[in-house]
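The values are calculated or read from the model by the stated rules, or taken from the named source; none is laboratory data. Computed from a predicted structure; not experimentally measured. Here Cβ is always computed from backbone atoms with ideal geometry, including for glycine, and neighbour counts include all displayed protein chains. Accessible surface is based on the protein model in full, side chains and every heavy atom, while ligands, DNA and RNA are left aside. Shrake-Rupley method; radii C 1.70, N 1.55, O 1.52, S 1.80 Å.
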Amino acid sequence: MNTRGNTAHGSILRGLLWALSGVSVLVLAAGVLIEWFFIRRYEPELDAKKEELAEGLDAYCALQAEVALDPWFHEARSPGDAGPLLNSWLGWGEKRRELPKGSPLELPAHLQERKSLQEWFASDVDLSMLDFSWMRDLQRFDRWDLLVNRPIKPAEPYDLLNDPSPHMTVLSEWTKFRLIQGIRTGQALEAARDVRHLAWLMYRTDLVDGAKRAAWVLDTEQQAHALMKEPPAAWRPQSPEQNARLREAIWTSVDYSRIYTPVAIGRRARACGSGITRCIALVEASNRNRFLQPLLEPFHPQAYAALAEELSTPCGTTLFERVSQRGATLDLAYVMSEEGGWVPIGLQSLPRRYLQKHVAGFALANEISFAREDLSFWRWPWPGSSSPASAESRP
């Protein structure tokens, strides 16, 4: 029996096994290194954001509860949609800035000059030709759906960010004249009621931009009240401090409905303050949530399921449903391709599921920066208005 041959053969096999083991260890080590390299690029930022949202939840809910106590949220309103009227009265998009023919919102030429409430109030401008009856007519409604009876058909798939919007500035100008006319004729309370209701309809567009305009109108009401030496005792406009808290509550609420928000925290946040900012938060956050859904949902199914559950409680307007179900989405095949530019060069050969997980992580971390940029304008003073008081102030 040739034992030397068997021994040599066994040595070769052992050598091959050791070599294979070494290669396996190197491959495993390389995989661990790549995993560590990827995760350290996005996980710390996501963890920090989740911690920030969790730590700030109690203060956020306290702010929402305080804002929700304001009488503006509890005034009696008739259910109905003002969209069919307002959408047809306003100019839409960059190419349709002018008001449609026959719109009751058309102002005489001498009133189209942009002036502050104080400047108009100090002037002897004649407002007798203005017909404010359309404002009273709007009190038949409690919301404003921007997708109904509009002159520009919404695109399919829907893209909230690039969707044409109505030019609401003319409405803000009308509120100045209504308040001045009410003060001059001894009907300040009636004027304030018209203006506050128009602000409510702006707020109930379920958009941050509409809510910001509503806050500006409430500022204008407060300024008109301050111009009177002896305003009616029953006229109690929202204080500047409460208006500042309203702005902060709306701005902050959107963050709590993004995909990076832990499910339990997001659910609680949307119920804070009787849900006064729930629909605005869902609409604004869902635009990006929907866009990234093909990439993110496989790794965050619970977050998407929780947001889908929100559809069972309607918002009044149809924006949330449109954005979350018919919104534009990214092309996942393109994202994962070499030409897409999302996957680092040289890593295309790695398993697709593995790559997609990390691309999703990078995209989610990037959403944190995107969210800050997307809503940063909310903190800017509105053109022609003063900066609001701090939200930490108390009336």
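Of all the accessible heavy-atom surface of segment 75-238, with the other protein chains kept in place and a 1.4 Å probe, what percent is carbon and sulfur? It would help to have the intermediate numbers written out before the result.
On the way: 3760 of 7660 Å².
Answer for segment 75-238 is 49 percent, counting heavy atoms of protein chains only.
Mind giving me the nanometre distance, one decimal, between the label points for Glu156 and Leu127, set 7 Å out from Cα along Cα→Cβ?
It is 4.6 nm.
What figure in square angstrom, to the nearest 10, would you give for the accessible area of Asp142 with a 1.4 Å probe?
40
So what J values fall out for segment 304-321 if you push phi through Karplus, 6.51 cos²θ - 1.76 cosθ + 1.60 with θ = phi - 60°, rounded to Hz, Gly and Pro as x?
Calculated HN-Hα couplings, in order: 5, 5, 5, 5, 5, 4, 5, 5, 6, 10, x, 9, x, 8, 9, 5, 4, 4 Hz.
Could you sort Trp200, Trp144 by their accessible area in this structure, using a 1.4 Å probe and putting the largest first? It would help to have the intermediate numbers written out before the result.
On the way: Trp200 25, Trp144 0 Å².
Per-residue accessible area, sorted high to low, gives Trp200, Trp144.
Any idea how far the Cα center of segment 178-238 sits from the one of segment 271-303, in Å?
32
Give me the dipole magnitude in Debye, nearest 20, for segment 114-226 about the Cα centre, with unit charges on the beta carbon: positive for Lys and Arg, negative for Asp and Glu.
That gives a dipole near 160 debye.
Using a 1.4 Å probe, what is the accessible area per residue for segment 75-238, in Å²?
I get 47 Å² per residue for segment 75-238.
Sort Arg258, Arg204 by heavy-atom solvent-accessible area, probe 1.4 angstrom, most to least.
Ranking Arg258, Arg204 by accessible area, largest first, yields Arg204, Arg258.
Please compute the volume of the convex hull spanned by the alpha-carbon atoms of segment 75-238 and report it per residue in Å³.
Working: hull volume 19.3 nm³, N = 164.
Cα-based convex hull of segment 75-238, divided per residue, equals 118 Å³.
Treating cross-link reach as a plain straight distance, find the lysines whose alpha-carbon is under 18 Å from the alpha-carbon of Lys115, omitting any fewer than eight places away in the same chain.
Hits, sequence-local ones excluded: Lys176.
Mind giving me the nanometre distance, one decimal, between the label points for Leu69 and Ser103, set 7 Å out from Cα along Cα→Cβ?
In this crude spin-label approximation the distance works out to 4.0 nm.
With all protein chains present and a 1.4 Å probe, how do Arg290, Arg184 order by accessible area, largest first?
Correct descending sequence by accessible area is Arg184, Arg290.
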